[in-house]
Amino acid sequence: MKTETQLERSAPEAQGIASPAILAFVEAAEQHNVELHSFMLLRYGCVVAEGWWAPYEREDPHMLFSLSKSFTSTGIGLLVAEGKVGLDDPVLSFFSEDAPPQISEHLAAMRVRHLLSMSTGHVDNTLGPIFGREDGNWAKAFLASPVERAPGTHFLYNSGATYMLSAIVQHITGVTLVNYLRPRLFEPLGIENPTWETCPRGINTGGWGLSIKTDGIARFGQLYLQDGMWQGERILPEGWVAEATARQVSNGPNANIDWEQGYGFQFWRCRHGAYRGDGAFGQFCVVMPEQDAVLAVTSGQQDVQVVLNLVWKHLLPAIEPSTLPLDSKAQEQLDQKLARLILPQSKGQHTSSVGARVSGQRFVCEPNEHNIEAIWVDFKEEGCALTIEDEHGTHQVGCGADTWKRGTTTINSPGSTLIAASGAWAGEDTYLIYLRCYETPFGLTITCRFIEDRLVFEWIENVSFGPLERKRIEGTNQSAISRQQKGQADS
């Protein structure tokens with residue numbers, strides 16, 4: 001199916017949104033230290049505002065985490081339309097070889113719709129048993145987990161359930177979920193080069209692991225806003241959007257929290273009549289049917305409710321039912337702001353007398369939980385190269401001076417990771433590095449303090465599923481150690 005490569009662009013006022021409101025949203029995020037990486041705002045199918053905070057760029061895919069779930073649900077909807085699966089099919093009917101020896105009444109009663117609505121009857125998330133399965137058979141681990149409540153009666157956010165949906169797609173079609181969706185969803189929408197992580201048995205993880213560009217998130221939201229239609233062609237079966245985004249199960253009583261407005265088929269209900277796909281650390285596809293609007297967001301934000309609060313405070317009230325008078329000055333201010341978006345980077349001096357003394361000097365680290373053996377930094381006026389040595393070898397980070405420099409590193413993973421880093425002297429003896437893995441939400445703030453012959457190395461993550469602050473590392477200059485050892489030998 002042919003699809004246009006570009007979404008239509010429009011001035012905000014032409015689509016009933018005041019430019020100052022969008023500017024206020026962006027400025028409020030920055031003033032409150034909300035780490036947005038990108039956003040695209042659509043009204044009536046037109047992009048009225050978009051921006052990427054450097055080092056994040058338009059062409060970069062971004063890890064979606066659980067926003068992937070909404071795409072997995074869509075795959076099931078397409079299979080339903082093809083008559084290859086029914087929402088009331090028993091889950092066990094697809095996994096007879098992986099069923100436990102004793103099948104409980106609740107497991108036997110579990111249906112595809114219960115996987116979709118996170119109402120499988122589990123009281124504990126199944127990811128623990130899944131990840132702990134030595135043979136890599138995640139389906140068998142899921143089915144072996146106790147189902148303590150009747151399916152359909154209890155909401156539990158459970159990424160293992162979404163994995164089972166992906167496994168069902170592969171069981172029925174013989175291809176991975178991403179390859180099943182490619183000709184049916186991604187290509188018609190113009191979503192380029194989607195990638196999806198797999199389990200040890202080659203099944204897409206379903207509940208997480210999809211990476212696409214922000215533009216792809218926006219297109220996906222617009223497809224749902226248009227009831228599954230795209231450029232005059234029906235992509236999703238009629239009625240699927242209404243069912244998938246309806247409140248299928250209750251998930252809490254708090255009317256002021258967007259995570260307690262009900263849950264659909266891998267979609268969250270929101271306040272203000274909206275719904276969303278939602279991923280960890282602020283990956284959002286927010287659909288606002290009453291306003292005919294879509295907001296796509298990527299970010300690296302620990303407290304993600306604050307992102308939605310900014311949407312409801314600044315953007316939602318500004319969406320008017322009809323066009324507004326053009327405001328060239330306000331639009332120019334917004335355009336200038338969006339063209340200069342950048343995450344905070346290291347600011348300070350390019351050189352330091354301490355830097356000249358310690359540049360390239362190897363600091364031997366005291367025993368630490370990271371098993372880092374040595375650290376050294378080569379300083380230049382245009383930036384630096386940080387090197388960390390551990391049991392696996394050496395890992396390097398190249399930093400720009402007062403600017404983001406792109407490169408790769410193995411500092412945080414066994415494989416090479418795309419990064420951007422910025423460094424500067426925050427004080428005569430303190431060098432500060434900001435690092436972002438720019439296809440993910442993750443980053444580090446690294447502080448190196450050089451005190452005589454000692455190095456104090458501290459690093460803090462911007463977002464994490466665990467503690468943000470890692471234990472600091474201290475080391476001693478190798479030359480000082482050698483001098484001390486020589487002095488002991490001479491005495």
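Based on the Cβ-Cβ distance of residue 364 and residue 408, what FRET efficiency does E = 1/(1 + (r/R0)^6) give at R0 = 25 Å, to the nearest 0.05?
0.45
Under a point-charge model restricted to the Cβ atoms of Lys and Arg (+1) and Asp and Glu (-1), what is the dipole moment magnitude of the range 277-413 relative to its Cα centre, in debye to the nearest 20?
Taking the Cα centre of the range 277-413 as origin, the dipole is about 480 debye.
Return the long-range amide H neighbours of residue 37 (sequence gap of 5 or more, or a different chain), with a cut-off of under 5 Å between placed amide H atoms.
Residues meeting the amide H criterion: 298, 299, 300.
Between beta-carbons, use under 13 Å as the cut-off and find the net charge around residue 157, counting Lys and Arg +1, Asp and Glu -1.
Residues near residue 157 contribute -2 overall.
How many angstrom separate the Cα center of the range 407-453 from the Cα center of the range 287-304?
Between the Cα centre of the range 407-453 and that of the range 287-304, the gap is 29 Å.
Enumerate the residues in the range 17-55 having an amide nitrogen under 13 Å from the point lying 7 Å beyond the Cα of residue 320 toward its Cβ.
Only 17-21 pass the distance filter.
Taking mean projected area of the Cα convex hull in nm² straight from the coordinates, which label in (i) 30.4; (ii) 29.0; (iii) 26.9 is the correct one?
(iii)
Using 7 Å Cα-to-Cβ label points, what is the residue 198/residue 418 separation (nm, one decimal)?
Calculated label separation equals 2.1 nm.
Contour minus end-to-end for residue 233 and residue 124, with contour as 0.36 nm per residue of separation and end-to-end as the Cα-Cα distance?
Additional length available on full extension: 35.1 nm.
Residue 347: which aspartates and glutamates have alpha carbons under 16 Å from its alpha carbon, excluding same-chain residues fewer than 8 sequence positions away?
381, 382, 402, 428, 429
Among 329/405; 69/213; 313/337; 213/405; 69/337; 69/471, which pairs are too far apart, with a Cα-Cα distance over 27 Å?
329/405; 69/337; 69/471, as the Cα separations exceed 27 Å there.
Once label points are set 7 Å from the Cα along Cα→Cβ at both residue 469 and residue 157, what is their separation, rounded to one decimal in nm?
Simple spin-label model gives 2.5 nm for this pair.
Given H placed 1.01 Å from N in the peptide plane, which residues other than close sequence neighbours of residue 363 have an amide H under 5 Å from its amide H?
375, 376, 478
Rounded, prolate or oblate for the range 285-382? Axes are the square roots of the Cα gyration tensor eigenvalues, ordered a ≥ b ≥ c, and the cut-off for rounded is a/c under 1.5.
Taking the square roots of the gyration eigenvalues as a ≥ b ≥ c, the range 285-382 is oblate.
How high is the relative contact order of the range 353-490, in percent, with contacts defined as C-alpha pairs under 8 Å that are six or more residues apart?
With pairs under 8 Å counted, the relative contact order is 18 percent.
Give the calculated FRET efficiency between residue 182 and residue 478 to the nearest 0.05, with a Förster radius of 30 Å applied to their Cβ-Cβ distance.
Approximately 0.05, to the nearest 0.05.
If you fit an axis through the alpha-carbon atoms of helix 19-31 and take the longest principal axis of the Cα set of the chain, what angle between them do you get, 0 to 90°, nearest 10?
Rounded to the nearest ten degrees, it is 50.
Calculate how steeply helix 68-81 sits against the longest principal axis of the alpha-carbon atoms of the chain, using the helix alpha-carbon long axis, and give the answer as 0 to 90 degrees to the nearest 10.
With rounding to tens, the tilt is 20 degrees.
By how many degrees, between 0 and 90 and to the nearest 10, does the Cα long axis of helix 328-339 differ from the longest principal axis of the chain?
60 degrees
Using r as the Cβ-Cβ distance of residue 303 and residue 250, and R0 as 25 Å, what FRET efficiency do you calculate, to the nearest 0.05?
According to the calculation, E is roughly 0.55.
How far apart, in nanometres, would the label points at residue 329 and residue 456 be if each is projected 7 angstrom from Cα along the Cα-to-Cβ direction?
5.1 nm
Would you mind counting up the charge near residue 75? Only other residues with Cβ under 13 Å from its Cβ, with Lys and Arg at +1 and Asp and Glu at -1.
It works out to a net charge of +3.
Calculate, in nm to one decimal, what residue 109 and residue 349 gain on full extension: separation in residues at 0.36 nm each, minus their alpha carbon distance.
Answer, rounded to one decimal: 79.8 nm.
Grab the other residues whose beta carbon is less than 12 angstrom from that of residue 417, score K and R as +1, D and E as -1, and report the net.
Charge balance in the 12 Å sphere: +1.
With a 10 Å Cβ neighbour count serving as the proxy for reagent exposure, in which order, fewest first, do 124, 327, 258 appear?
Ranked by crowding around the Cβ, least crowded first: 124, 327, 258.
No lab work stands behind these numbers, since they all come straight from the coordinates. Predicted, not measured: the structure shown is a model, and the values here were computed from it. Ideal geometry is used to build each Cβ from the backbone, glycine not excepted, and the neighbour counts take in all protein chains shown.
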